[in-house]
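Just so it is clear, none of the values below were taken in a lab; they were calculated from the coordinates. In this text, all values refer to a predicted model and were calculated from it rather than measured experimentally. In this analysis, Cβ positions are derived from the backbone assuming ideal geometry, glycine residues included, and neighbour counts consider all displayed protein chains.
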Amino acid sequence: MAMTVELVSPETILWSGEATQVVARTLDGDIAFLDNHAPFVGALDIAEVRIWADADEPVALAVHGGFVEVSHNSVTILSDVAEFSGDIDAERASTAADRAGEALRSDGDDDEAKAALKRATVRLAVAGS
Amino acid sequence: MPGGQERILRRRISSVQSTKKITRAMELIAATRVVKAMQRANAARPYSTKMTSVIEDLAAGGTGVSHPLLRETETVTNVGYVIITSDRGLAGPYNSSVIRSAEREIMAAQTEGKGYKLVLIGKKARDYFRFRNYEIAAYYEGMTDTPSYDDAKEVANVVASMFIDEEVDEVILSYQEFVSMGTQRVALRRFLPLEQLGTVAQEGSGSSEATASFEFEPSPEGVLESLLPRYVESRLFSALLDASASEHANRQRAMKAATDNAEELITNLSRALSRARQDAITTEIMEIVGGAEALGGDLAVEELPEGAVASSAGQFAAAAGAGAASAAVRAASASAAPSATALLEAAPFGAGSHATLPDNSAPAGFTIKGNADSMLYHRPDSRSYGVTVAEVWFDTPERAEAAGFRLANTHPKDVQDA
């Protein structure tokens, strides 16, 4: 039996269904969930989340922070902002990356620019995959 | 002036009608908006329930951590109020009820010596409190119609930082809660500090299983650190969605009432208009009939009113159309006509004359035949007496003369010379 996966944003349920594997990145690093994973709660980093449904090709999303909760063989991902690879505007992401990179060069401690750069990089990675 | 009355009524009816059109349109728009707002609220529910379940997990994991958003103060010196109203009016008591209950709360807090900080959402709240010289700490507009999560985030961050910076020791959220299409009620909720995790968990689904031991990454504190601000956002978001659904439901109800009132007003005004029109017609007929009566005499009755009454009656019947009005006309013409018509039939040329009978025979006592076209009369001794078809009968030649008839030249010579 596969586990149930739900990806929920504040405004709607983005993805729900059964999957064999979910890969996400918490603040501590990448983590993969398989069937019957132990109960787990983690804070997500700005990174890519991949969900293997029945198909071989995983569903890839750019997730900008949030949580993952695993219990009773179901994985729930909560995120303010999550984008499917198909919905990402790669051009906009790359200009955002350039802009953030420039801001960082002038001020290396600009947290906002750091976060923006990270978001843009993740978007580009997801869109490219 | 009856005519002026009619014009005024007609103008009022058309103005009420256009108002009704507007309120009807607003009602229909609000009805679809309520449904949309409810769908949005339903779509947002999974997130907040999942969020609560994560908090349950944390509570089950026995995390007794402290966080600035959980800070409880013994003595509250400043209270923050987040008041959610709409940007637009015409929503019945929606805005005023929220504002009034919030203001009562502020005044009660002030008597206890607490200060206030106002975070206002919606033009209506801003207008109200600015007019009364309240100090407004923050103000947002354009987000109550269809609130987005980013809107909630923006407000939540401001409110949370006010609380963390100890500008306020407590935050109260005032909005209208959406219970059902028919019921919305004003809610005054303590927004911050957040209840202790255990309380939240108990208020949640209640399915928290203490046996499950969760792994936390990076750590329970780390999860909490990023969880709580999101929890605040999500609570504010659901309040905004509730408020927006309530606003549309209230507007729909208010506009429904307005449309119904307009309909009633139109019915009453139309009734008054019909009555005014009937009064005007009746008055006019009375004037004509009265005038005719005043002229008096057989001639007057015969010549003037018959034509006048007939033509004016026809004109009014066409103009009036309404059953009651034409009935009144008919009644009036019926009452005016008999004297004239009866006289015409009995004695078309005054006393001593007699109308023709259906079989063209001579009425009893009338022997003289009159020709109304040539204005000649024939006595029985006229040569043409037999062939002449009488248009009027007279009893004596003198009467015929009196009515302006001349003796036809078909009589014996002696008679003519006489």
Cα gyration tensor shape of segment B:35-143, rounded if a/c is under 1.5, else prolate or oblate by comparing a/b with b/c: oblate
J(HN,Hα) series, segment B:281-293, from Karplus relation 6.51 cos²θ - 1.76 cosθ + 1.60, nearest Hz, glycine and proline x: 5, 4, 4, 5, 5, 4, 5, 5, 4, x, x, 5, 4
Links that overshoot a 28 Å alpha carbon limit, given the list B:K50/B:K117; A:K118/B:K123; A:K118/B:K153; B:K117/B:K153; A:K118/B:K117: B:K50/B:K117; A:K118/B:K123; A:K118/B:K117
Packing-based exposure ordering (other Cβ within 10 Å, fewest first) of B:R12, A:R123: B:R12, A:R123
For A:T26, residues with placed amide H under 5 Å, excluding near neighbours: A:I31, A:D45
B:E141/B:T183 FRET efficiency (R0 25 Å; Cβ-Cβ; nearest 0.05): 0.40
Cross-link reach list, lysines versus B:K369, counting only Cα pairs under 24 Å and skipping chain neighbours closer than eight places: B:K413
Acute angle (nearest 10 degrees) that the helix A:111-128 long axis makes with the longest principal axis of chain A, alpha-carbon atoms: 60 degrees
10 Å-binned pair-distance histogram of segment A:3-84 (Cα, whole percent): 20, 60, 19
DSSP-loop GluC sites (Glu not before Pro) across segment B:20-101, with at most 15 other Cβ within 10 angstrom: B:E72, B:E74
Anchor B:K20: aspartates and glutamates whose Cα lies under 12 Å away (excluding residues fewer than 8 positions away in-chain): B:D260, B:E263, B:E264
For segment B:351-358, 3J(HN,Hα) per residue [Karplus equation, 6.51 cos²θ - 1.76 cosθ + 1.60, θ = phi - 60°, Hz, x = Gly/Pro]: 4, x, 9, 8, 5, 6, 9, x
Long-range HN-HN contacts of B:E217 with modeled amide H, under 5 Å: A:V41, A:G42, A:A43
Other-chain or far-sequence residues with amide H under 5 Å of B:I368's (modelled H): B:F394
Virtual spin-label span in nm between B:Q110 and B:E167, 7 Å along Cα→Cβ: 2.0 nm
Debye, to nearest 20: dipole size of the protein assembly as shown, +1 on Lys, Arg Cβ, -1 on Asp, Glu Cβ: 2300 debye
Residue-count net charge about B:A400 - beta-carbon cut-off 10 Å; Lys, Arg +1, Asp, Glu -1: +1
Note, ³J(HN,Hα) from phi for segment B:128-139, Karplus 6.51, -1.76, 1.60, rounded to Hz, x at Gly and Pro: 5, 6, 5, 4, 9, 6, 7, 7, 9, 7, 8, 9
Rounded tilt (10° steps) of A:90-106 against the dominant C-alpha axis of chain A: 50 degrees
Mean residue ellipticity (222 nm) of the protein assembly as shown, computed from DSSP H runs ≥ 4 via -39,500 (n - 2.57), nearest 500: -18000 deg cm²/dmol
